[in-house]
Amino acid sequence: MWLLLGILIGIIALGLVWWSKKSNTSLQWYDWVIGLAGLSMLLFTVQNYFASVAEGEPKASYMFLLVTGLPAVILLAVVWQLLARRAK
Amino acid sequence: MNKFHSIVSRRDFMKGLGLAGAGLGAAAAAAPVFHDLDEAASAPVAGGFRRPWWVKEREYEDPTCEVDWNQIERSDNSWTMHGVRNGVKGGYLFAGQKYLDWQKEGSDLAFNGVKNNEPGLTLRDMALEGGASPLLMGLNKVVNFVLPEIDQNEVLAQFGFTAAAWPNASSFWVASAPPDFWGVSKWQGTPEENSRMLRSAMRFFGASEVRFAELNEKTKKLIFTHHVHNTPIVFEDVDRAYEVAGQKFVLPDKPLYIISVAIQMSKEMYRQGNAGIRFAANNMRYRLNNVVQVATQSFLKGIGYQGIGYPSESLFHGMMPSQADAILTGFAEMARNNNYCISPEFGTVVGYYSILTDLPLAPDKPIDAGYFRFCHTCRKCAEACPSQAISFDSEPTWEIPPSSVDPAKETKYSTPGKKVFHTDSPACYSRWIGLHGCARCMGTCVFNTNMKAMVHDVVRATVGTTGLFNGFLWNADKAFGYGLVPPEKWEEWWDKDYPVLGQDSTIGSYYGGY
């Protein structure tokens, strides 16, 4: 799973760079900071969610979705909006 | 036509491709598809394994090697190579003469190997081989304070052997033979080499891990004055330990070393807190330790040393408080409940035992992983205790408070000299018995989690680095639902596929890709 996830993230990162060049949109340093923070939290959530299910800890697994998963999605959404609005 | 080198035509290739595609499609259609984890967990299993789709089941009594049930008849097992006919092993083979020749060949190989220190046949290799076997005598005959002298002929007769006919047979079917049996001197190694060797042997015998300490002037004070049945434990100026049944256990007054042994228990079973399934996990560690103890004693005998273990008088109790040497050897740190301790690898749910030996060993140091500091803040175990036997204090104390069960009585059940959170042992014992083996404190502890989720490593690293987040982490543990399992879920244990013995034997294994 982690191999596939790594490949997917690599493709998305390459696509992002390709898109920014094509649309002549510059990526700011804080885009990277917020994006990487969001991505790290998302990966942390994915690992802990599935591992908690395997551990037989259902409440913990849902709490990870809420406590780290939701902020991760919000941070990634912020980056997406920053880029989308800058590109207009 | 040459079957090993053929030219495939384009038509055949395309046909093959089509067949392969159809096969893949059929396999995909036939493969089990699970919509959620519950469905996957309840899927039919073959022999307990959840096998991949490419392992297919056949009809009953029809394995892949063909069987003609018309030809099959009941057979006589004494005609097989291990069979004994007319009192002779290998009776099939010309009244055993051929067998005896092979036995001599095997014995010569072993004796020469030990004498010449050949790989696989060194003294310690043979001691390992013998150490793995002595339980063939039956636990009740061999598990004791010191390894009993065993009648080799009695055991060998079970297998149709005699010691005279197969000289080295007793070295691996009875117990490890001592060095003089092989005509060599005892094993000599540095304390570091000995520790390394003993760890490998004892993990193989079933110990989850071992660590070592020296029995010096300080740690000698940990040896009980009396065993649990009130039998005195004394030091005498002798070379070997011995027991006078019911009167005394004698330890040799010479350099000795402590082997601290950890035996993992099932974390899941402990999360039930009390009753039969929880108690089963506790009981099993004693059975496992019996095996580890006698195998270790046998191994030590095989390399020319002695192992001093738990006596048959009570196989539950040794010569010293095993938790003390678990802490001193760095297995674990003291917990808020001073009746157990917390290990970075095993958490709370692990049993410790002590074996003494005269094999020089390199001592291990105590550790600081932040656990005892964490226990200053966390009171999860104290809140779960049904008899309120665990202290709620913020700081540990030197003084032992009186028991709530009988405040006027002297606290002889505990010993001064340690600054801990003193648990009210009589109160604890009342619920240990009254609730059929209560261990809710160990089951609910923040550190009795499984370790697959990476958050546990993050928490442990944080706890080991700073105490600033201890309160937050204790509350987070509760919010995330870790801890005891409610009674209505206890019987679900029967339908889960937990590891063998409820243990993760890969902990501490850094080689082999397990």
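The values are calculated or read from the model by the stated rules, or taken from the named source; none is laboratory data. Computed from a predicted structure; not experimentally measured. We place every Cβ from the backbone using ideal geometry, glycine too, and count neighbours over all the protein chains shown. The protein model used for the area step is the full one, side chains on, heavy atoms only, and it has no ligands, DNA or RNA in it. Shrake-Rupley method; radii C 1.70, N 1.55, O 1.52, S 1.80 Å.
Within the stretch A:40-50, restricting attention to residues that are of a type outside the set (A, V, I, L, M, F, W, C) and under 12 Å from the mean Cα position of the chain (by Cα), which residue is surrounded by the most Cβ atoms within 10 Å (Cβ to Cβ)?
Across the stretch A:40-50, the extreme among qualifying residues is A:Thr45.
Which one is farthest from the other protein chains (Cβ to nearest Cβ), of the residues in the stretch A:6-64 that are in a loop (DSSP other than H, G, I, E, B) and on the phi < 0 side of the Ramachandran plot?
Once the filter is applied, the top-ranked residue is A:Ser23.
Among the residues of the stretch B:364-378, which ones are in a loop (DSSP other than H, G, I, E, B) and touching a helix residue (DSSP H, G or I) at 6+ places or on another chain (Cβ under 8 Å)?
Across the stretch B:364-378, the qualifying residues are B:Pro366, B:Asp368, B:Ala369, B:Gly370, B:Cys378.
Just one of (1) among the aliphatic types (A, V, I, L, M); (2) open to solvent by 60 Å² or more (accessible area, probe 1.4 Å); (3) modelled with pLDDT of 95 or more trips up B:Val420, so point out which.
Going through the list (1) among the aliphatic types (A, V, I, L, M); (2) open to solvent by 60 Å² or more (accessible area, probe 1.4 Å); (3) modelled with pLDDT of 95 or more, B:Val420 breaks only (2).
Provide a single number: the residues in the stretch B:477-488 that are at the interface with another protein chain (Cβ under 9 Å from one of its Cβ atoms) and either touching a Cys at 6+ places or on another chain (Cβ under 7 Å) or under 21 Å from B:Val349 (Cα atoms) (or both).
Qualifying residue count, the stretch B:477-488: 4.
If we scan the stretch B:268-287, do we find a residue that is closer than 21 Å to B:Pro178 by Cβ, touching a residue at least 24 places away in the same chain (Cβ under 8 Å) and out of contact with any helix residue (DSSP H, G or I) (no Cβ under 7 Å at 6 or more places or on another chain)?
No: the stretch B:268-287 contains no residue that is closer than 21 Å to B:Pro178 by Cβ, touching a residue at least 24 places away in the same chain (Cβ under 8 Å) and out of contact with any helix residue (DSSP H, G or I) (no Cβ under 7 Å at 6 or more places or on another chain).
Go through the stretch B:247-258 and give me each residue that's touching a Ser or Thr at 6+ places or on another chain (Cβ under 8 Å) and in contact (Cβ under 8 Å) with a residue 40 or more places away in the chain.
Hits for the stretch B:247-258 are B:Phe249, B:Leu256, B:Tyr257, B:Ile258.
May I ask you to say which residue of B:Asn282, B:Asn274 is open to solvent by 10 Å² or more (accessible area, probe 1.4 Å) and out of contact with any Lys or Arg (no Cβ under 9 Å at 6 or more places or on another chain)?
Going through B:Asn282, B:Asn274 in turn, the sole match is B:Asn282.
Of (1) within 29 Å of B:Ala280 (Cα to Cα); (2) open to solvent by 50 Å² or more (accessible area, probe 1.4 Å); (3) not in a loop (DSSP other than H, G, I, E, B), B:Ser505 satisfies all except one. Which?
Condition (3) is where B:Ser505 drops out.
Take the residues in the stretch B:174-198 that are open to solvent by 50 Å² or more (accessible area, probe 1.4 Å) and either within 20 Å of B:Tyr511 (Cα to Cα) or polar (S, T, N, Q) (or both), then tell me which one is nearest to the chain's Cα centre (by Cα).
B:Arg196
Just the residues that are free of Cβ contacts under 8 Å to residues at least 60 places away in the same chain, more than 14 Å from every other protein chain (Cβ to nearest Cβ) and either touching a Phe, Trp or Tyr at 6+ places or on another chain (Cβ under 6 Å) or more than 15 Å from B:Ala389 (Cβ to Cβ) (or both), please, taken from the stretch B:411-460.
If the condition is that a residue be free of Cβ contacts under 8 Å to residues at least 60 places away in the same chain, more than 14 Å from every other protein chain (Cβ to nearest Cβ) and either touching a Phe, Trp or Tyr at 6+ places or on another chain (Cβ under 6 Å) or more than 15 Å from B:Ala389 (Cβ to Cβ) (or both), then B:Lys412, B:Thr415, B:Pro416, B:Gly417, B:Lys419 are the ones that fit.
Just need a number here: residues in the stretch B:253-268 that are crowded, with 24+ Cβ neighbours inside 10 Å and in a helix (DSSP H, G or I).
Looking only at that region, the number is 1.
For the list (1) in contact (Cβ under 8 Å) with a residue 24 or more places away in the chain; (2) closer than 26 Å to B:Glu268 by Cβ, I need the number of the one condition that B:Glu383 fails.
(1)
Which one of these is at pLDDT 70 or above and out of contact with any Lys or Arg (no Cβ under 9 Å at 6 or more places or on another chain): B:Leu136, B:Leu109, B:Leu100?
Every option except B:Leu109 fails the conditions.
Mind counting the residues in the stretch B:467-476 that are within 14 Å of chain A (Cβ to nearest Cβ), open to solvent by 80 Å² or more (accessible area, probe 1.4 Å) and in contact with a helix residue (DSSP H, G or I) (Cβ under 9 Å, 6 or more places away or on another chain)?
0
In this structure, does B:Ala324 turn out to be open to solvent by less than 70 Å² (accessible area, probe 1.4 Å), part of a helix (DSSP H, G or I) and under 29 Å from B:Phe145 (Cβ atoms)?
yes
Considering A:Ala13, A:Ala37, A:Ala72, A:Ala87, which residue is open to solvent by less than 60 Å² (accessible area, probe 1.4 Å), touching a residue at least 40 places away in the same chain (Cβ under 8 Å) and more than 29 Å from B:Asp504 (Cβ to Cβ)?
A:Ala87
Go through the residues of the stretch B:442-451 one by one and say whether even a single one is in contact with a Gly (Cβ under 6 Å, 6 or more places away or on another chain) and of a type in the set (Ser, Thr, Tyr).
Among the residues of the stretch B:442-451, at least one is in contact with a Gly (Cβ under 6 Å, 6 or more places away or on another chain) and of a type in the set (Ser, Thr, Tyr), which makes the answer yes.
Quick one: would you say B:Glu492 is exposed (fewer than 11 other Cβ atoms within 10 Å of the Cβ) and not aromatic (Phe, Trp, Tyr)?
Spelling it out, it is not the case that B:Glu492 is exposed (fewer than 11 other Cβ atoms within 10 Å of the Cβ) and not aromatic (Phe, Trp, Tyr).
B:Val463 - would you say it is assigned to a helix (DSSP H, G or I), within 14 Å of chain A (Cβ to nearest Cβ) and within 30 Å of A:Pro58 (Cα to Cα)?
Answer is no for this residue.
Residues B:Ala389, B:Ala408: which one is away from chain A (no Cβ under 14 Å), part of a loop (DSSP other than H, G, I, E, B) and touching a Cys at 6+ places or on another chain (Cβ under 7 Å)?
Residue meeting the stated conditions: B:Ala389.
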